[in-house]
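What follows is a set of notes on a single structure, which appears directly below.
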Amino acid sequence: MITAGVDIGSSSSKVVLLEEGQKILSKSVVPIGTGTSGPARAFEQALADADLRREDIALITATGYGRYNFPDSDYQISEISCHARGVFEVLPEAQTVIDIGGQDAKAVRIGSNGTVTSFVMNDKCAAGTGRFLDVMARVLEVDVSQLAELAAESRSAVSISSTCTVFAESEVISQLARGALRQDVASGTIRSVVRRVAGLVNRVGAIGPIVMTGGVSLNRLVAQFMQDELGWPVTVVPDGQLTGALGAALIGWNMYIKGITK
Ligand code: ADP
């Protein structure tokens, strides 16, 4: 039996197709999220890659900010539960999950069976989310996927004092105009996001092992800087942008084997 997890975020759509709750048959990421063609495209792509049709899927579980806007879904589950479940599958010893997405960041404490025991979330302010990095990457004329590579060349990160993304963008533009090095600005930008999210993590209690998920975990410096900030080792979950979709597919599978169907 196959279950699907569809994670519809504010900036991207992710799908995992899972066989018997164990084997990932296909996965897809489309870099546009709720309110766009992204979710349907990501789903179609995952089906096509596995050579399957909609009728072959026993249960579709949607998660993420746009989970109620996917008519094909059978169930909707919060992304906090799905990230916890997805992490539990790959790193069962994890105690704290840091999920930084396109427009929010969450720190989640997980219990011994992969359920959520507490969480803190920032969804009010773009600073401390992927959006901040997207905006700064544009100013620095690199794709956000290249930001860590640029920042890795830095010897002295530029400090960004503005707490608001719009003001921080102007601040960065003036620093570049005054001759600041692009790599130093890139490093300062990543540090700024990490510092904000670390504040969130400390509110939930930074208990190790700590792991990172979400699209921003693909930036290899984020975990390294987070480790410096928190004073605990921070591990990145492999394929962390897909953890929510994996968790949704696993929760769907658990419902299916308990006899809960559409
Ligand atoms: P959401 O679920 O909120 O839509 P994601 O968890 O998919 O968001 O994260 C999207 C964010 O991840 C983007 O805003 C971007 O900053 C970051 N991101 C996406 N792809 C990459 C990449 N290849 N390298 C670094 N950062 C990335």
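Within the stretch 1-31, the set of residues being under 12 Å from the mean Cα position of the chain (by Cα) and of a type in the set (S, T, N, Q) comprises Ser10, Ser11, Ser12, Ser13. Among residues of the stretch 193-222 that are free of Cβ contacts under 8 Å to residues at least 40 places away in the same chain, those with a beta-carbon under 6 Å from a residue that is part of a helix (DSSP H, G or I) and among the aromatic types (Phe, Trp, Tyr) at least six positions away or on a different chain give the pairs Val194/Phe225. When we screen Arg182, Arg138, Arg191 for residues that are over 28 Å from Gly33 (Cβ atoms), at pLDDT 95 or above, over 15 Å from the mean Cα position of the chain (by Cα) and basic (Lys, Arg), the only hit is Arg182. So which residues in the stretch 57-109 are free of Cβ contacts under 8 Å to residues at least 60 places away in the same chain, part of a strand (DSSP E or B) and either within 11 Å of Ala248 (Cβ to Cβ) or not β-branched (Val, Ile, Thr) (or both), if there are any at all? Passing the criteria: only Gln76. When every residue of the stretch 75-83 is checked against the conditions, at least one turns out to be modelled with pLDDT of 95 or more and acidic (Asp, Glu).
Taken over the stretch 223-262, the residue count meeting the criterion of being within 16 Å of the ligand (Cβ to nearest atom) and free of Cβ contacts under 8 Å to residues at least 24 places away in the same chain is 2. For the stretch 195-222, filtering for residues that are small (Gly, Ala, Ser) and more than 16 Å from the ligand (Cβ to nearest atom) leaves 5.
Taken over the stretch 148-173, the criterion of being away from the ligand (no atom under 15 Å from the Cβ) and either crowded, with 19+ Cβ neighbours inside 10 Å or of a type in the set (A, V, I, L, M, F, W, C) (or both) is satisfied by Ser154, Ala157, Val158, Ile160, Cys164, Val166, Phe167, Val172, Ile173. Could you say whether any residue in the stretch 35-54 is closer than 26 Å to Val236 by Cα, surrounded by fewer than 22 Cβ atoms within 10 Å (Cβ to Cβ), within 16 Å of the ligand (Cβ to nearest atom) and among the hydrophobic types (A, V, I, L, M, F, W, C)? No: the stretch 35-54 contains no residue that is closer than 26 Å to Val236 by Cα, surrounded by fewer than 22 Cβ atoms within 10 Å (Cβ to Cβ), within 16 Å of the ligand (Cβ to nearest atom) and among the hydrophobic types (A, V, I, L, M, F, W, C). Which members of the stretch 135-147 meet the condition of being part of a helix (DSSP H, G or I), more than 7 Å from the ligand (Cβ to nearest atom) and under 17 Å from Gln241 (Cβ atoms)? Within the stretch 135-147, Ala137, Gln146 meet the criteria.
Which one is nearest to the chain's Cα centre (by Cα), of the residues in the stretch 80-134 that are of a type in the set (Asp, Glu) and away from the ligand (no atom under 11 Å from the Cβ)?
Kept after step one, since they are of a type in the set (Asp, Glu), are these residues of the stretch 80-134: 89, 93, 99, 104, 123, 134.
Restricting the remaining residues to those that are away from the ligand (no atom under 11 Å from the Cβ) gives 89, 93.
Details: Glu89: 16, Glu93: 19 Å.
Going through the qualifying residues, I end up with Glu89.
Within the set Asp123, Asp104, Asp143, the sole residue that is crowded, with 16+ Cβ neighbours inside 10 Å and closer than 27 Å to Thr34 by Cβ turns out to be Asp104. For the stretch 148-168, filtered to residues that are at pLDDT 95 or above and not in a loop (DSSP other than H, G, I, E, B), the residue that is farthest from Ser187 (Cα to Cα) is Glu149. Within the stretch 223-250, the set of residues being surrounded by fewer than 24 Cβ atoms within 10 Å (Cβ to Cβ) and of a type in the set (Gly, Ala, Ser) comprises Ala223, Gly231. Scanning the stretch 1-34 for residues that are more than 16 Å from the ligand (Cβ to nearest atom) and part of a strand (DSSP E or B) returns Ile2, Thr3, Ala4, Leu17, Leu18, Glu19, Lys23, Ile24, Leu25, Ser26.
Residue count for the stretch 178-215 under the criterion of being among the polar types (S, T, N, Q) and surrounded by fewer than 21 Cβ atoms within 10 Å (Cβ to Cβ): the result is 2.
The values are calculated or read from the model by the stated rules, or taken from the named source; none is laboratory data. It should be emphasised that the depicted structure is a prediction, and the values quoted were computed from it without experimental measurement. Neighbour counts are summed over all protein chains in view; Cβ atoms, including those assigned to glycine, are modelled from backbone coordinates with ideal geometry.
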